[in-house]
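The values are calculated or read from the model by the stated rules, or taken from the named source; none is laboratory data. Predicted, not measured: the structure shown is a model, and the values here were computed from it. Counting neighbours? That spans all protein chains shown, and the Cβs are built from the backbone with ideal geometry, glycine included.
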Amino acid sequence: MALLLENKKEIVAQVNETASIAFSAVVADYQGLSVEKLTQLRVEARKLGVTTRVVRNTLAKRALQGTQFDILNDNLVGPTILGFSTSEDDMGAAARLFEEFAKANKAFELKAAAFDGKVYQGEEVSVIANLPNQEKALTMLANVLQAPISKLGRLLTALKEKDEQEAA
């Protein structure tokens, strides 16, 4: 179905707007997937705050111009679905979603991802997928801060027990 020029401009504007506020982007090949499977992906994406879009490659290239994701243009070949993580609380959500979906659906192939000005090809997308969300990062920080304090507490307890044994 041919798109009218106004529709193309609207698509480019929408994708550009999303890319402008996104923290990371993922490009995948969806060829061979059923409509039902793509619908499942979109439903999961909405739950995680990930924006997905199937766009013609020429329109995607225009939409990504002037954003931090124009470095993905070389990967816009063949059937392409774009995923954008727009939540500051979980910058790797799109990569994580696409990676999990690719494991369950062999026809779904990860092409590349971009984060912080770098492109990650194919299997390297897991680098972004493993980025912790805000809650996980704060938990990790709390554990790091707590470790020295708990070690000090164990040391003081051990010294106290040693003094008690020597006194007895």
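Listed values, structure above:
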quantity	calculated
Check on Glu44, acidic (Asp, Glu) and more than 12 Å from the chain's Cα centre (by Cα)	yes
Search result, residues across segment 100-148 that are modelled with pLDDT of 80 or more and exposed (fewer than 15 other Cβ atoms within 10 Å of the Cβ)	Glu100, Lys103, Ala104, Lys106, Ala107, Asp116, Gly117, Lys118, Gln121
Sole residue being more than 25 Å from Lys118 (Cα to Cα) and either buried (at least 16 other Cβ atoms within 10 Å of the Cβ) or hydrophobic (A, V, I, L, M, F, W, C) (or both), chosen from Leu38, Leu48, Leu64	Leu38
Top-ranked residue of segment 14-26 - restricted to ones that are more than 15 Å from Thr58 (Cβ to Cβ) and not polar (S, T, N, Q), ranked as surrounded by the most Cβ atoms within 10 Å (Cβ to Cβ)	Val26
